[in-house]
Amino acid sequence: MGIIELEHINKYYQMGENQLHVLKDVSLTVEQGDYLAILGPSGSGKSTLMNVIGCMDHADSGEYVLDGEIIHKAKESELTKIRNEKIGFIFQKYHLIPTYNVLQNIVMPLLMRGMKLKDAKNESLEIIEMLGLKKRMKHRPSELSGGQQQRVAIARALVGQPAILLADEPTGALDKNSGTEVLKLFQRLNDMGNTIVMITHDLEVATHAKRIAKIVDGELTLDA
Ligand SMILES: Nc1ncnc2c1ncn2[C@@H]1O[C@H](COP(=O)(O)OP(=O)(O)OP(=O)(O)O)[C@@H](O)[C@H]1O
Ligand SMILES: [Mg+2]
């Protein structure tokens, strides 16, 4: 049983009279320790698929099991809990809280789980050091470079020890060098055993993953 098991997923958007079929019978297995890139052009359904994988939106049909949890039958409240526990999100535009400093941003997922601040800080220190953020802990996001902000977002995604890291265009807002740094970091995190799903429209970025799944017009195909 994979960490991610998607079976015959369909998703539609209703646009007035018309129904847009955006995910077409998508099936996908991601094993523990995998590093998968989902590659596709604009409008192909990447974000829609990410929302389904990330438990932010239900599919209209099909089955989804994430790390043993049956997602397609889960209620909204259960979904939120599963999302907080199982998924570390990394977005193109970092999505850090601007009024919080680096440390406050990183410990937030642990506080949301009810951990005390002191314990949350201790729990995060190793990751903060690993990502080279120790000297920046008191900085606000606006006082950091884009690459540093993305490292904070990655640290925040990692602290809760999620079942998967789910990244949507993680290098999309970065210059070439910072983008390369993030991809090197993903490589290292995957070598350490983290399961990564990375969504991108950029073939060069996708080739850094172990496997590539292509999505075109809502249809997903796996490269051999
Ligand atoms: N909320 C919505 N309501 C109606 N149609 C939508 C909605 N969200 C997306 N779509 C349509 O679904 C299709 C897939 O959109 P999606 O955002 O998943 O594409 P994408 O691959 O992420 O594109 P991009 O690379 O530009 O972010 C598009 O044709 C889009 O117009
Ligand atoms: Mg998108």
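The values are calculated or read from the model by the stated rules, or taken from the named source; none is laboratory data. From a predicted model like this one, the values you see are computed outputs, not experimental measurements. Cβ atoms come from the backbone with ideal geometry, glycine included; neighbour counts cover every protein chain shown. For the accessible areas, the whole protein counts, side chains as well, though only heavy atoms, and no ligand, DNA or RNA atoms are used. Shrake-Rupley method; radii C 1.70, N 1.55, O 1.52, S 1.80 Å.
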>> Show me the strands (runs of 3 or more DSSP E) found entirely inside segment 153-224 where at least 1 residues are among the polar types (S, T, N, Q) and either touching a Cys at 6+ places or on another chain (Cβ under 8 Å) or more than 16 Å from ligand 2 (Cβ to nearest atom) (or both).
In response: 219-222
>> Anything in segment 40-60 that is within 10 Å of ligand 1 (Cβ to nearest atom), at negative phi and open to solvent by 10 Å² or more (accessible area, probe 1.4 Å)? List them, or say none.
In response: PRO41, SER42, LYS46, SER47, THR48, ASN51, ASP57
>> Considering only residues that are part of a loop (DSSP other than H, G, I, E, B), closer than 20 Å to ARG113 by Cβ, of a type in the set (Gly, Ala, Ser) and in contact (Cβ under 8 Å) with a residue 24 or more places away in the chain, which ones fall in segment 45-96?
In response: GLY54, GLY68
> If we scan segment 9-29, do we find a residue that is modelled with pLDDT of 95 or more, surrounded by 14 or more Cβ atoms within 10 Å (Cβ to Cβ) and under 19 Å from VAL159 (Cα atoms)?
Replying inline: no
> If we keep just the residues of segment 159-181 that are more than 24 Å from VAL30 (Cβ to Cβ) and away from ligand 1 (no atom under 16 Å from the Cβ), which is surrounded by the most Cβ atoms within 10 Å (Cβ to Cβ)?
Replying inline: LEU174
> Restricting the search to segment 187-204, which residues are surrounded by fewer than 22 Cβ atoms within 10 Å (Cβ to Cβ) and out of contact with any Phe, Trp or Tyr (no Cβ under 6 Å at 6 or more places or on another chain)?
Replying inline: GLN187, ARG188, LEU189, ASP191, MET192, GLY193, ASN194, HIS201, ASP202, LEU203, GLU204
